[in-house]
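K.L.:
Dropping the structure in here first, questions after.
The values are calculated or read from the model by the stated rules, or taken from the named source; none is laboratory data. Keep in mind that what you see is a predicted model, and the values were worked out from it rather than measured. Virtual Cβ from ideal backbone geometry, glycine too; neighbours counted across all protein chains shown.
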């Protein structure tokens, strides 16, 4: 039997068939069929190459992607099973279907957790730790305690206290401002923990600052990076000067003459020569001479912005051209401060580790760290075992891999080739320490088998062509790491994508500034930011309504994508005005949702009735519904809300007292249950029923978390407070099949596609790292600003300049990649929506300095493309200027006419692609075993006890009495304990009874009904005329009662399947304890 791959294009087939033994790197642009290639290659390896799915590892970036891959593989395996022509093929595919549920197709975090659960004793980890993965809030609590201990230890002596206070004064004018120092340490820890060796990285960070008198004495990585900054800025200046000269050759400007620009260009070349020689003072002198060349301002219109840019570039170089002695003046102080900071951070890290061990706790960032440690220990023993158990290693979304994750993958792979697929153009997780350079380096290595998928199967061909054009201009800029070359250009892959090409499919909609107030020059003043957002959102809403009504497009065909959650609030308001059903997540953190903030305020009031701020929030919440006017009247009459409630609002006081009284009796969860049943003020509706659907979903999730943690009142308050910035999402209220408009951030849209995409345009894109007191990175590990403690004047340091320049460039590159992700979500239509104020002039030759202007999504697009009104760029772009002042009356829906259920999406049951698979072993009442190979820590190298017993019983004949000699002939190295256990089972009455029946060993099964699928392997099944005996062998060193309690659900599942296969027979089900040598009937 052969798996047919003819449905794949030629580029995909090359990837699928590659078996040269080299590492495979696949560049898969958006919509290129990456998942199809992964699934097809796995199927080809399973069927054609006869590699069982259990020997294939496929790691994905998200759990959803892993689930989708498993579902697609299940479909293909079932289809192949239906086409099998021989019994051998049928049996083989049945086995693969059975093994799929436990196959290593998962996320790298989940896989790392499996490694820890299997091999925790390699690094001396308490096994209870693996079952206690703590929340971000709880981790923050422990880290804050670790910081407190470290700070106290440092200040225990006078010298340490002096060093600590000096460190505080560097970052804050207040000597008691420990919170700022904690934030600095937290950032340093976050970066360190993403590195392969955190302590080594901290040492490198400390070495970044050393006393010096000359720049030549700086560490190599600092000096080279600083001169690279100077070089790139001078090269950008040179490019701009050359552009001006090119125009002057064709244009006779009345003021600006070519000889002046030529003189400036010559001096810029002198500056570049000085940089190559690392002659800093010589560079400064040449720069000052360049600055003194005062050419006249041009009169030609298109020369004016270029000349302005040129002068701005010179000014930016002058701003960092301090004398060498100025940079060196405080270097000894800087070195001392960095030493203190690193010492404090290392102490916090050590204390945190101790606290985590004491609490038997595991945090998400620990998973990869512990997994790598396990793989490295004992000369890589666990890594060798895992590697030996695999024939194919595949990594999806490799462009988002971190340095630490890559180290783990290399440990697993060892000398085996690895299949990596991704797209550097879609690397947008810099904040998660993704290193796109890892993929760039592998693709540039001639020793690897490098492929590029060249067809797009998602977007209309005009959108595909637009994408090629836009990013060829945005990603091929000197000084930028990303490129968009011939291998990145894709074509539409199907005829479906080439229809309806006469009309434009990409639209730039610019709303005209209609502000009646004017500036002195007569042009309208910029509209307030809130008004701009409302106009953009309402224009989008009207367009969606128009397309929905006129073209019959489903609501689910539309998506509104924005860079930030904040912009989606205006979209929510506009959609609510006109009754558009939607799914919008406007919050970054679950604990910052309206519901959680209300509950937190209530908890605080129950803990402290005098908390006036929290009480104000509770009184104005859904529970009591007080107006601002009522609150004002309470304060005016009684000065305090708490006094007013007790004296005049007995109904409110009674509700609060009943909730408070419920906590000692039934805990916080009991109080929350009572809250659900409490009737809201001035109504006959219970509080829970009065909540909007999103808030109900959030409450359900909060209740589950609270019940699981069993926190008391004060612990829950602390957890919710420290977790308020947790980067989680609100609870899900919309199913996949709900017909609603999606509004999401660009990050959340990755991997998705929509018929019609509205991209929320922006006119700026701030570099938020600029204001951070500490910058961290991979080349310059850490850099802070030089702040005079007396005057608070900020001076640059060489390290800070180098770090900020690199991080700024990385951020600019990622912003362009974010735009690529957004544009490539659209299948049929793409609208970029903004106001005309966000526009920038078209620049035929973009430089990195243009990107540094940070003109946002709209500005970037305008600089790259000819966006004159009408259809431009060979029909690929339509620019429309809209006179739009707000939603028309016909589209507004009166609030009274629309019920909450009509304006809010309702939950639908989300159908599974396949019914959920249940594996009986997952029903054990303890942490389940994972599919990793066992690690023999005894050093004997022999098979484990359990493995030997199962293999022996499977291979021993049932028509003869078993003897030790017979067992040794099968496995000479079988442990003595295993031999004794097998002989005892062979002599048991249960086995002797089974010998009179038809025996099946290691019996694979598959069972399905309307609600579930179940598959697995039964150890021992004996089928007689009237009854079936089912035996599952257990090697646990536990009592019979413990075995019964743990395994009863698993054996019940086996029995359920057997009842389906043999409905006319009775059943006896046993767990046979090989340790106790006795059957345990269940």
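K.L.:
Scanning for something touching a helix residue (DSSP H, G or I) at 6+ places or on another chain (Cβ under 7 Å) and within 28 Å of residue 409 (Cβ to Cβ), does segment 78-95 turn up at least one residue?
P.N.:
Among the residues of segment 78-95, not one is touching a helix residue (DSSP H, G or I) at 6+ places or on another chain (Cβ under 7 Å) and within 28 Å of residue 409 (Cβ to Cβ), which makes the answer no.
K.L.:
Looking at (1) farther than 18 Å from residue 750 by Cβ; (2) surrounded by fewer than 22 Cβ atoms within 10 Å (Cβ to Cβ), which is the only condition residue 482 fails?
P.N.:
For residue 482, the exception is condition (1).
K.L.:
Oh, and also: Just wondering, is there one or more residues in segment 1036-1047 that are under 24 Å from residue 100 (Cα atoms) and either in the same structural domain as residue 71 (by TED's automatic domain parsing) or not in a loop (DSSP other than H, G, I, E, B) (or both)?
P.N.:
Yes, the conditions are met somewhere in segment 1036-1047.
K.L.:
Let me ask something else about it. Could you say which residue among 443, 475 is under 30 Å from residue 239 (Cα atoms), under 28 Å from the mean Cα position of the chain (by Cα) and in the same structural domain as residue 395 (by TED's automatic domain parsing)?
P.N.:
Testing whether each residue is under 30 Å from residue 239 (Cα atoms), under 28 Å from the mean Cα position of the chain (by Cα) and in the same structural domain as residue 395 (by TED's automatic domain parsing) leaves just 443.
K.L.:
State whether the residues of segment 1006-1014 include one that is assigned by TED's automatic domain parsing to the domain that holds residue 1057, under 17 Å from residue 954 (Cβ atoms) and in a loop (DSSP other than H, G, I, E, B).
P.N.:
no
K.L.:
Suppose we filter segment 1019-1030 for residues that are over 46 Å from the mean Cα position of the chain (by Cα) and either assigned to a loop (DSSP other than H, G, I, E, B) or under 15 Å from residue 1081 (Cβ atoms) (or both); how many remain?
P.N.:
Count: 7.
K.L.:
Further question on the same structure: In segment 343-354, what residues are closer than 13 Å to residue 160 by Cα and crowded, with 23+ Cβ neighbours inside 10 Å?
P.N.:
344
K.L.:
Could you say which residue among 441, 415, 500 is at pLDDT 95 or above and loosely packed, with under 15 Cβ neighbours inside 10 Å?
P.N.:
Being at pLDDT 95 or above and loosely packed, with under 15 Cβ neighbours inside 10 Å holds for just one of 441, 415, 500, which is 441.
K.L.:
Can you pull out the residues in segment 280-313 that are more than 20 Å from residue 227 (Cβ to Cβ) and in a helix (DSSP H, G or I)?
P.N.:
301, 302, 303, 304, 305, 306, 307, 308, 309, 310, 311, 312
K.L.:
Among (1) closer than 18 Å to residue 834 by Cβ; (2) modelled with pLDDT of 85 or more; (3) part of a loop (DSSP other than H, G, I, E, B), which single condition is residue 580 missing?
P.N.:
Every listed condition holds for residue 580 apart from (1).
K.L.:
Would you mention how many residues in segment 959-1002 are touching a residue at least 24 places away in the same chain (Cβ under 8 Å), surrounded by 15 or more Cβ atoms within 10 Å (Cβ to Cβ) and farther than 18 Å from residue 1035 by Cα?
P.N.:
The total comes to 5.
K.L.:
Here is a check on your reading of the model: is residue 444 free of Cβ contacts under 8 Å to residues at least 24 places away in the same chain and within 30 Å of residue 21 (Cα to Cα)?
P.N.:
Here the answer is yes, as residue 444 does meet what is asked.
K.L.:
Is it the case that some residue within segment 373-389 is in contact with a strand residue (DSSP E or B) (Cβ under 8 Å, 6 or more places away or on another chain) and touching a residue at least 40 places away in the same chain (Cβ under 8 Å)?
P.N.:
No, segment 373-389 contains no residue that is in contact with a strand residue (DSSP E or B) (Cβ under 8 Å, 6 or more places away or on another chain) and touching a residue at least 40 places away in the same chain (Cβ under 8 Å).
K.L.:
Also, quick follow-up: Name the residue, out of 1005, 1033, 1061, 1067, that is on the phi < 0 side of the Ramachandran plot, at pLDDT 85 or above, surrounded by fewer than 20 Cβ atoms within 10 Å (Cβ to Cβ) and within 44 Å of the chain's Cα centre (by Cα).
P.N.:
Answer to the selection: 1033.
K.L.:
Just checking, does segment 489-509 include any residue being over 30 Å from residue 573 (Cβ atoms), in a loop (DSSP other than H, G, I, E, B), touching a residue at least 60 places away in the same chain (Cβ under 8 Å) and not assigned by TED's automatic domain parsing to the domain that holds residue 574?
P.N.:
yes
K.L.:
Can you name the residue in segment 510-524 that is free of Cβ contacts under 8 Å to residues at least 12 places away in the same chain and assigned to a loop (DSSP other than H, G, I, E, B) and is also farthest from residue 881 (Cα to Cα) among such residues?
P.N.:
Among residues in segment 510-524 that are free of Cβ contacts under 8 Å to residues at least 12 places away in the same chain and assigned to a loop (DSSP other than H, G, I, E, B), the one farthest from residue 881 (Cα to Cα) is 520.
K.L.:
For segment 742-776, give me the residue count where each residue is surrounded by fewer than 22 Cβ atoms within 10 Å (Cβ to Cβ), free of Cβ contacts under 8 Å to residues at least 40 places away in the same chain and touching a helix residue (DSSP H, G or I) at 6+ places or on another chain (Cβ under 8 Å).
P.N.:
Going through segment 742-776 one residue at a time, the tally reaches 1.
K.L.:
From 617, 708, 662, grab the single residue that is in a helix (DSSP H, G or I) and modelled with pLDDT under 85.
P.N.:
Only one candidate passes the filter, namely 708.
K.L.:
Let me ask something additional. Quick one: residue 892 ticks every box in (1) modelled with pLDDT of 85 or more; (2) within 30 Å of residue 542 (Cβ to Cβ) bar one, so which box is it?
P.N.:
(1)
K.L.:
Turning to a different aspect of this structure: Could you figure out which of (1) more than 22 Å from residue 815 (Cα to Cα); (2) not in a loop (DSSP other than H, G, I, E, B) isn't true of residue 440?
P.N.:
(1)
K.L.:
Still on this structure, I have one more. How about segment 55-71: which of its residues are modelled with pLDDT of 95 or more and either within 17 Å of residue 6 (Cα to Cα) or assigned to a helix (DSSP H, G or I) (or both)?
P.N.:
Scanning segment 55-71 gives a single hit, 55.
K.L.:
Do we have residue 550 as out of contact with any helix residue (DSSP H, G or I) (no Cβ under 8 Å at 6 or more places or on another chain), without any contact (Cβ under 8 Å) to a residue 24 or more places away in the chain and within 30 Å of residue 856 (Cβ to Cβ) here?
P.N.:
no
K.L.:
Only one of these is within 30 Å of residue 213 (Cα to Cα), at pLDDT 95 or above, in a helix (DSSP H, G or I) and out of contact with any helix residue (DSSP H, G or I) (no Cβ under 6 Å at 6 or more places or on another chain): 350, 343. Name it.
P.N.:
343 is the lone residue from the list that is within 30 Å of residue 213 (Cα to Cα), at pLDDT 95 or above, in a helix (DSSP H, G or I) and out of contact with any helix residue (DSSP H, G or I) (no Cβ under 6 Å at 6 or more places or on another chain).
K.L.:
Tally the residues that are crowded, with 20+ Cβ neighbours inside 10 Å and either over 28 Å from residue 296 (Cβ atoms) or not assigned by TED's automatic domain parsing to the domain that holds residue 229 (or both), restricting the search to segment 261-277.
P.N.:
1
K.L.:
Looking at the structure I just gave you, is residue 394 in contact with a strand residue (DSSP E or B) (Cβ under 8 Å, 6 or more places away or on another chain), under 30 Å from residue 116 (Cα atoms) and not in a loop (DSSP other than H, G, I, E, B)?
P.N.:
It is true that residue 394 is in contact with a strand residue (DSSP E or B) (Cβ under 8 Å, 6 or more places away or on another chain), under 30 Å from residue 116 (Cα atoms) and not in a loop (DSSP other than H, G, I, E, B).
K.L.:
Tell me which residues, restricted to segment 13-30, are more than 17 Å from residue 392 (Cβ to Cβ) and touching a helix residue (DSSP H, G or I) at 6+ places or on another chain (Cβ under 8 Å).
P.N.:
Within segment 13-30, 27, 28, 29, 30 qualify.
K.L.:
A follow-up question, please. May I ask you to list the residues in segment 182-194 that are part of a helix (DSSP H, G or I) and farther than 14 Å from residue 787 by Cβ?
P.N.:
182, 183, 185, 186, 187, 188, 189, 190, 191, 192, 193
K.L.:
OK, next. Among the residues of segment 236-255, are any in a helix (DSSP H, G or I), under 43 Å from the mean Cα position of the chain (by Cα) and free of Cβ contacts under 8 Å to residues at least 60 places away in the same chain?
P.N.:
Yes, some residue in segment 236-255 is in a helix (DSSP H, G or I), under 43 Å from the mean Cα position of the chain (by Cα) and free of Cβ contacts under 8 Å to residues at least 60 places away in the same chain.
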